[in-house]
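Working notes for the structure below.
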Amino acid sequence: MVYKKVFIFPVIFISLILYFSSSASAKVIDVVASFTIIADVVRNVGGNHVCVKSLVPANGDPHNFEPSPEDAKYVENSVVTFMNLDDFEVWFKRLVAATGINRKPVIVSRGINIQSFEKKGRIINDPHVWNSVANVLVWVDNIESALIKADPQDAIAIKANATAYRQQLKQLHFSIKARMLQIPKEQRVILTSHKAFGYYGSEYGVTFLAPLSPSNDNEASAADIAELIERVKSNHVKVYFFERSSNSRLLIQVANATGAKFGGELYSEALSESNGNASTYVEMMSYNTDRILQAISK
């Protein structure tokens with residue numbers, strides 16, 4: 001019998017060299033996002049090639065956030081920073097400027113058709129673009145380009161992540177549309193704390209009424225509240241929702257005057273903690289849609 005020598009050790013040795021070489025070359029870049037929803041989209045596109053820090057925490061309010069000196073350090077040490085719009089996270093622009101870095105934040109909503117309306121002679125832009133999944137698909141394009149520019153050696157992986165996430169978002173988008181169309185249009189009217197769901201309403205055929213503007217920093221007048229009460233009554237609105245990051249005092253006042261019933265809480269501007277109902281953007285949109293449909297279908 002003739003025995004053949006099998007050289008196992010060299011094969012294993014070469015495999016280990018290749019494994020550790022590829023692991024050592026894998027690049028992870030530090031990225032800062034202004035608030036949790038952007039941070040989640042960046043994580044989905046960047047995958048294991050990004051370490052993402054959201055400055056505004058879970059369940060936080062991105063309108064009036066006060067950054068700390070530690071937040072400035074995160075920005076200084078980051079490779080890329082992401083924000084929504086120039087006139088939304090004004091505090092974020094000031095923070096970046098204070099660090100002295102020359103790198104400007106990436107505006108993820110660049111290319112989106114921004115909704116606006118007039119309020120007491122002022123034109124107010126609605127920054128809540130993420131409440132339409134179609135707009136977040138634009139975010140994915142902008143984030144993908146920025147990450148590839150910052151980390152070109154991992155471009156293939158980043159593109160693959162972006163493609164897979166786009167598919168997930170498209171399925172979510174068409175699912176929400178199809179489910180909403182099953183409800184008669186006259187029933188698709190609800191009351192919320194402030195005007196954060198304009199893009200959701202336009203995209204998915206729901207009318208949202210609210211006492212506060214999209215900026216969430218103004219106090220509605222008595223005349224505004226009276227007008228809103230009449231609109232709620234004339235539209236036969238049966239249900240109202242709290243928002244996690246918004247004051248609900250005026251909302252309760254309107255609900256008490258109109259007989260609208262409590263439908264639950266919606267996530268309008270922030271994700272939940274990791275063990276909550278909306279720890280990712282996809283979970284947030286699915287959760288909000290489930291709550292709305294459950295309330296208006298009764």
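Computed from the coordinates by the stated procedures, all read-outs in this text should not be read as laboratory data. Worth saying up front: this structure is predicted, and the values here are computed from it rather than measured. Cβ coordinates were reconstructed from backbone atoms using ideal geometry, including for glycine residues, and neighbour counts include every protein chain displayed.
Side notes on the structure shown:
- Long-range amide H partners of residue 264 with built H, under 5 Å: 242
- Taking 21 Å as the limit for the C-alpha separation, the pairs 53/170; 53/149; 170/298; 149/170 exceed it in the case of 53/170; 170/298; 149/170.
- When each of the peptides 81-87, 99-105, 292-298 is scored by the mean number of other C-beta atoms lying within 10 Å of its residues, the order from highest to lowest reads 81-87, 292-298, 99-105.
- 5 angstrom amide H check on residue 106, placed H, neighbours 5+ away: 81, 82, 83
- Label-to-label distance, residue 167 versus residue 29, with points set 7 angstrom from Cα along the beta-carbon direction: 2.5 nm.
- Remark: the residue 275-residue 53 segment gains 78.1 nm on full extension, using 0.36 nm per residue and subtracting the alpha carbon distance.
- A full extension of the chain between residue 252 and residue 235 corresponds to an added length of 4.4 nm, given 0.36 nm per residue minus the alpha carbon distance.
- Taking a ≥ b ≥ c as the square roots of the eigenvalues of the Cα gyration tensor, region 182-296 is oblate, since a/c reaches 1.5 or more and a/b is not larger than b/c.
- Summed residue charge, Cβ within 14 Å of residue 260's Cβ, Lys/Arg positive, Asp/Glu negative: +4
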